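Peer 1: Before anything else, here's the structure in question.
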Protein chains: 4
Amino acid sequence: MPVSLADLNAMDRTGFVAALGEVFEHAPWVAKAAYVRRPFASGSALHNALVEVVAAQTPGQITRFLNGHPDLVGRPSPGSPLTAHSAAEQKGAGLDAITAAEAARLSLWNRRYREKFGFPFIICVRRHGKDSIFAEFERRLARQPDVELRAALDEIGRISALRLVTTLCGPGMPKVYGKVSTHLLDNSRGLPAAGVPVQLLALSAEGSAQLVAEAITNHDGRPDAPLIDARPIPIGWYELRFFLGRHFARDVPLSGPPFLDMVPVRFNVAEPEGHYHIPLLFTPWSYSTYRGS
Amino acid sequence: MPVSLADLNAMDRTGFVAALGEVFEHAPWVAKAAYVRRPFASGSALHNALVEVVAAQTPGQITRFLNGHPDLVGRPSPGSPLTAHSAAEQKGAGLDAITAAEAARLSLWNRRYREKFGFPFIICVRRHGKDSIFAEFERRLARQPDVELRAALDEIGRISALRLVTTLCGPGMPKVYGKVSTHLLDNSRGLPAAGVPVQLLALSAEGSAQLVAEAITNHDGRPDAPLIDARPIPIGWYELRFFLGRHFARDVPLSGPPFLDMVPVRFNVAEPEGHYHIPLLFTPWSYSTYRGS
Amino acid sequence: MPVSLADLNAMDRTGFVAALGEVFEHAPWVAKAAYVRRPFASGSALHNALVEVVAAQTPGQITRFLNGHPDLVGRPSPGSPLTAHSAAEQKGAGLDAITAAEAARLSLWNRRYREKFGFPFIICVRRHGKDSIFAEFERRLARQPDVELRAALDEIGRISALRLVTTLCGPGMPKVYGKVSTHLLDNSRGLPAAGVPVQLLALSAEGSAQLVAEAITNHDGRPDAPLIDARPIPIGWYELRFFLGRHFARDVPLSGPPFLDMVPVRFNVAEPEGHYHIPLLFTPWSYSTYRGS
Amino acid sequence: MPVSLADLNAMDRTGFVAALGEVFEHAPWVAKAAYVRRPFASGSALHNALVEVVAAQTPGQITRFLNGHPDLVGRPSPGSPLTAHSAAEQKGAGLDAITAAEAARLSLWNRRYREKFGFPFIICVRRHGKDSIFAEFERRLARQPDVELRAALDEIGRISALRLVTTLCGPGMPKVYGKVSTHLLDNSRGLPAAGVPVQLLALSAEGSAQLVAEAITNHDGRPDAPLIDARPIPIGWYELRFFLGRHFARDVPLSGPPFLDMVPVRFNVAEPEGHYHIPLLFTPWSYSTYRGS
């Protein structure tokens, strides 16, 4: 259950550590050491303090800390040392549903990575789709150890920032970026298109499509809320589907069968913290789309 | 083997009838009766003469003529009375690959149709996809007999016109309409996009997609030839796929991964004899498409 | 000097009438009669009360009231009975700068209108440009008297609502509609175009263009404030001018002289209380614009 | 009167020189020397031969040849040594109608140029508007003599190629490039817009606009002929004007006054031999335009 920053600032050390314990995987000592720097003026200040605790450790301590993180696993085993956070994150990225071949590849890469770097492969999976995790893994396996050590700590910074936001509540929380939004305009009538169903699907390299969000446009031609908001958009390919058929049938007199019905728009998300505003301007015989703002 | 109009005009009656025999299904008497009206100035004049022979028959003769046409069959049987024309046409419309349930539906409808109208369901299948054939069949089953009789003769006019064009060659042939073309412009550079692969797929109501044509754009941003040309476009839904990824990788310096790769454009063909010119104007971050001319 | 609704509610009758006196042209009795209905919960409630006072008058009183309004005059005369409100409004519509021929036409129409209807031509000039005032005048001159009487009272309702908003201040004021806004997106880079000068000009039928507003786009590609906001947009033709040359010179590497520099967009405002959002999506070689939302 | 290449090849030297005499300004000896290389297989072969005669001269002869060209003059004087070609060309570029201040500037620059380079400023005026001639003049005045000598000969090559095309007729003539074309599509109806008046105007830096061409779109939404074709487009700024009002009034049912009427599109021509295809895709509430192909 989330606690407020005010409550957190007022806690004793035991409560404080219990509240923040798993923000850093299997490392309650991070919260314990940051405790003395209370009170924290904001969630960002707290996160900075926690990150500085990690950065102040000796190389040996840091390696042990990194080794407290789990391997990236496809198929969880009964004895899996995943925290609840890790399990939820890996499931969100689709790592709970990979093929045997993919699991074998991960297993091989996990072993090679540990052999080369001396700690497990750590990645903020909430910023990735399955395809980009595999691509990142391959890319990072080839790196120099010192570069990769910094990359691992950066990923832990990202992971812990996102965990902190789900751990805390109330004022003072940092804004989490990442947004997919849209807007439908019927250019043949000069008006927003209301009542149009919209879907957002995540595409995989193998061609599958998984529904991420769906909505109906309101009187201003927009979903009432962004399709994705205040969370990283997992890197990867997406398809927006605009179901214009209903709009034409109801609002636009056509002399024959419609030329357009479901309009698919495929796009790549490369910046998980970006704002992907992707409008559709259409008529019964044309449409245009773009990355807007 | 196609013959020229000049050769046809010079033939004796036997040769003339042999050459045109199956333009009207199992009805060489149509060509035989038109023979006396030689010479024909054009393919259209010849077709008009043939159609007028049919129209001049008594109602009883017309019913017998219609009954010379085969049922619309999904799965050909060894004893099938299909002419080579019919077999090729039905295969083109995908009627050689329907499910058992669809075959059963066709069988039921064929029986109902014959019971109601006294002749088999006749449709120019080269103007239709499987979905539109089923839709037409259902629609026409509900009609008044006199309306449907005229519809059947209209379809025979369309079938025979298309067969005539494959039967004849050389000058004087009527133009056969029906065209799908495209044009790719890179608006970020003000230039046509050359070397871009383009595919045209026919979509079925069940979600399958069948490749109809593919091409690479030339220096003017167009396939060297239209994707479909000089034949009816079977009524139905299509998807154009523009593979922009290669263009961006080769011709446009991007600072990161591309926002767009394969751009799909879905559209409906309602006029088989129409020209569907569907350009794509694009930049690395936007595109628009429309029915052009 | 504007007064708040709270202050107005607390005034005695003399102060109340002084504060609202010229909201209705030369008719302080309207405010006087509405005084008893204090306190007013909102500006709209106050306006409704004032309008109901007018509506409750006898036909003779209403005619006298209408006759308290000035003729629409091009060139003000020293003895002109214009209130400060009227003078400012007529100047805003460009009626202080008309040609002798136009003044003569107005003079003739004023006389014909009074002869036909028994009161002067009344129009909410803040909702019109010079061209639309002439067009309206001509149109209304041709009307039936009872229709035109209602039209005159409607115009007085619009005039007094706008005057009330400038007379009052603070909370409880009704929103005044009418907005012209824009948004610049550089589709070749997938980003808003910042630092681009934008002008809005009002066009006259004779071809002249008068600057109405200008702004520079901010980091989101928009002027910091709408070009017109919270006031009626005078009916008529406008031109937006987007000065893209500076943007290309600064932000977009071009291999030669720019294809586009100042992009003009001409449009007609028919709904003075409407929101005309008119974005420009552009690349160095293309642009599109539309009425958005 | 133009002669054919065949006739030219058959002429004696006197006739040959008379026919081609003024293709090179005041230099019949160029044609005279090229005569021996007859017959010419094409207009391009002939032009190459003529240019090679010039290139084979000594530096002193070339300087004398260049000095046979007239100054660029705004206001023709009675004793002006302009050939008919030169007079027509300079008039086409608007040099017959410049202000006294511009004439004074030209006069000053002409003197400076002769002093610096030893020959007059030579430019193919058919490839320029008045503004670009002034810009070129200023730019070239600042150059090194050897660079500028080559530039002068290049310009003579361009001038003579264009003169040759007007001097000859019949087959074998080189194609002269330079085209402005357009295409109107009503995207709200998915059809070309026929019967729409289109104008092309040349804009000057001072804001004046001169009509260059006008046309009405045909059933395919295009003028029957390009607005400019087979001649260089003078470098400079242009405005296309699309008069959509009539189209909306006649072909598109609108519920109120049109949002768009005359749509202006301003663009710069930097490549006189280029093809500027500038379509307009529009609806009653939107439009887009681009450099196409």
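Peer 1: Condition (residue is within 15 Å of residue A:159 (Cα to Cα) and either in contact with a Cys (Cβ under 9 Å, 6 or more places away or on another chain) or surrounded by fewer than 18 Cβ atoms within 10 Å (Cβ to Cβ) (or both)) applied to segment A:38-51: is it met by at least one residue?
Peer 2: Within segment A:38-51, one or more residues are within 15 Å of residue A:159 (Cα to Cα) and either in contact with a Cys (Cβ under 9 Å, 6 or more places away or on another chain) or surrounded by fewer than 18 Cβ atoms within 10 Å (Cβ to Cβ) (or both).
Peer 1: Testing residue B:284 on (1) free of Cβ contacts under 8 Å to residues at least 24 places away in the same chain; (2) touching a helix residue (DSSP H, G or I) at 6+ places or on another chain (Cβ under 7 Å); (3) within 14 Å of chain C (Cβ to nearest Cβ), one condition comes back false. Which one is that?
Peer 2: (1)
Peer 1: Additional query: With respect to residue D:255, is the statement that it is among the polar types (S, T, N, Q), closer than 19 Å to residue C:187 by Cα and within 13 Å of chain A (Cβ to nearest Cβ) true?
Peer 2: Numbers: among the polar types (S, T, N, Q): yes; closer than 19 Å to residue C:187 by Cα: no; within 13 Å of chain A (Cβ to nearest Cβ): yes.
Criteria not met by residue D:255.
Peer 1: Considering only segment D:107-148, how many residues are touching a Phe, Trp or Tyr at 6+ places or on another chain (Cβ under 9 Å), over 23 Å from residue D:273 (Cα atoms) and not charged (D, E, K, R)?
Peer 2: Of the residues in that region, 7 qualify.
Peer 1: Under 6 Å between Cβ atoms, at least 6 apart or on separate chains: pull out the pairs that start in segment C:10-23 with a residue that is closer than 15 Å to residue C:160 by Cα and end on any residue that is aliphatic (A, V, I, L, M) and not in a helix (DSSP H, G or I).
Peer 2: C:19/C:3
Peer 1: Sort out which residues of segment C:269-293 are surrounded by fewer than 18 Cβ atoms within 10 Å (Cβ to Cβ) and closer than 21 Å to residue D:262 by Cα, and write them in order of number.
Peer 2: C:270, C:271, C:277
Peer 1: Would you confirm whether any residue within segment B:89-106 is under 26 Å from residue B:28 (Cα atoms), at pLDDT 95 or above, open to solvent by 20 Å² or more (accessible area, probe 1.4 Å) and not acidic (Asp, Glu)?
Peer 2: The answer is no; no qualifying residue exists.
Peer 1: Search segment C:253-268 for residues being open to solvent by 20 Å² or more (accessible area, probe 1.4 Å) and in contact (Cβ under 8 Å) with a residue 24 or more places away in the chain, and hand back the single one that is nearest to the chain's Cα centre (by Cα).
Peer 2: Step one: list which residues in segment C:253-268 are open to solvent by 20 Å² or more (accessible area, probe 1.4 Å), which gives C:253-258, C:261-262, C:266.
Subsequent filtering for residues that are in contact (Cβ under 8 Å) with a residue 24 or more places away in the chain retains C:254, C:258, C:266.
Values: C:254: 42, C:258: 37, C:266: 19 Å.
Step by step, filter segment C:253-268, then rank; the result is C:266.
Peer 1: Hey, can you tell me all the residues within segment A:234-246 that are crowded, with 21+ Cβ neighbours inside 10 Å and within 30 Å of residue B:235 (Cβ to Cβ)?
Peer 2: Scanning segment A:234-246 gives A:240, A:242, A:244.
Peer 1: Check every one of the strands (runs of 3 or more DSSP E) wholly within segment C:122-210 and list those with 1 or more residues that are surrounded by fewer than 21 Cβ atoms within 10 Å (Cβ to Cβ) and not basic (Lys, Arg). Write out each step before concluding.
Peer 2: On the way: elements: C:179-181, C:184-186, C:197-203.
Passing ranges, in order: C:179-181, C:197-203.
Peer 1: I've got another one for you. Considering segment B:35-55 alone, what residues qualify as being over 21 Å from residue B:1 (Cβ atoms) and in a helix (DSSP H, G or I)?
Peer 2: B:36, B:37, B:44, B:45, B:48, B:49, B:51, B:52, B:53, B:54, B:55
Peer 1: Now for a different question. Being over 19 Å from residue C:285 (Cβ atoms), at pLDDT 95 or above and more than 14 Å from every other protein chain (Cβ to nearest Cβ) is the requirement here; does residue C:194 meet it?
Peer 2: Details: over 19 Å from residue C:285 (Cβ atoms): yes; at pLDDT 95 or above: yes; more than 14 Å from every other protein chain (Cβ to nearest Cβ): no.
No.
Peer 1: Residue A:242 - would you say it is under 26 Å from residue D:252 (Cα atoms), out of contact with any Gly (no Cβ under 7 Å at 6 or more places or on another chain) and among the aromatic types (Phe, Trp, Tyr)? Please lay out each step first, then the result.
Peer 2: Details: under 26 Å from residue D:252 (Cα atoms): no; out of contact with any Gly (no Cβ under 7 Å at 6 or more places or on another chain): yes; among the aromatic types (Phe, Trp, Tyr): yes.
No.
Peer 1: Looking at residue A:249 and the list (1) exposed (fewer than 15 other Cβ atoms within 10 Å of the Cβ); (2) hydrophobic (A, V, I, L, M, F, W, C); (3) facing another protein chain (nearest Cβ under 8 Å), which single condition is not satisfied?
Peer 2: Against the list (1) exposed (fewer than 15 other Cβ atoms within 10 Å of the Cβ); (2) hydrophobic (A, V, I, L, M, F, W, C); (3) facing another protein chain (nearest Cβ under 8 Å), residue A:249 comes up short only on (3).
Peer 1: Find all pairs meeting these conditions: Cβ atoms under 6 angstrom apart; at least six residues apart or on different chains; first residue within segment D:164-182 and farther than 30 Å from residue D:242 by Cα; second residue open to solvent by 50 Å² or more (accessible area, probe 1.4 Å) and at pLDDT 90 or above.
Peer 2: D:174/D:44
Peer 1: Residues A:164, A:141, A:227: which one is among the aliphatic types (A, V, I, L, M) and out of contact with any helix residue (DSSP H, G or I) (no Cβ under 9 Å at 6 or more places or on another chain)? Give the derivation first.
Peer 2: Numbers: A:164 fails: out of contact with any helix residue (DSSP H, G or I) (no Cβ under 9 Å at 6 or more places or on another chain); A:141 fails: out of contact with any helix residue (DSSP H, G or I) (no Cβ under 9 Å at 6 or more places or on another chain).
Testing whether each residue is among the aliphatic types (A, V, I, L, M) and out of contact with any helix residue (DSSP H, G or I) (no Cβ under 9 Å at 6 or more places or on another chain) leaves just A:227.
Peer 1: I'm told residue A:217 meets every condition in (1) open to solvent by less than 20 Å² (accessible area, probe 1.4 Å); (2) away from chain D (no Cβ under 14 Å); (3) touching a residue at least 40 places away in the same chain (Cβ under 8 Å); (4) farther than 28 Å from residue B:243 by Cα except one. Can you identify the failing condition by its number?
Peer 2: (3)
Peer 1: Still on this structure: May I ask you to list the residues in segment C:211-226 that are outside any loop (DSSP other than H, G, I, E, B) and of a type in the set (Asp, Glu)? Don't jump to the end; show me each part of the working.
Peer 2: If we filter segment C:211-226 for residues that are outside any loop (DSSP other than H, G, I, E, B), which is where we start, we get C:211-217, C:223.
If the condition is that a residue be outside any loop (DSSP other than H, G, I, E, B) and of a type in the set (Asp, Glu), then C:214 is the only one that fits.
Peer 1: Let me ask another. Under the condition of being away from every other protein chain (no Cβ under 14 Å) and crowded, with 18+ Cβ neighbours inside 10 Å, which residue from segment A:224-233 is nearest to the chain's Cα centre (by Cα)? Step through it out loud before you land on a result.
Peer 2: Quick first cut of segment A:224-233, residues away from every other protein chain (no Cβ under 14 Å) only: A:224-232.
If we keep only those that are crowded, with 18+ Cβ neighbours inside 10 Å too, we end up with A:226-228, A:231-232.
Working: A:226: 15, A:227: 13, A:228: 10, A:231: 6, A:232: 4 Å.
Filtering first and then ranking leaves A:232.
The values are calculated or read from the model by the stated rules, or taken from the named source; none is laboratory data. Nothing here was measured: the structure is a model prediction, and the numbers come from that model. Neighbour counts are summed over all protein chains in view; Cβ atoms, including those assigned to glycine, are modelled from backbone coordinates with ideal geometry. Calculation scope for accessible area: heavy atoms of the full protein, side chains included, ligands and nucleic acids excluded. Shrake-Rupley method; radii C 1.70, N 1.55, O 1.52, S 1.80 Å.
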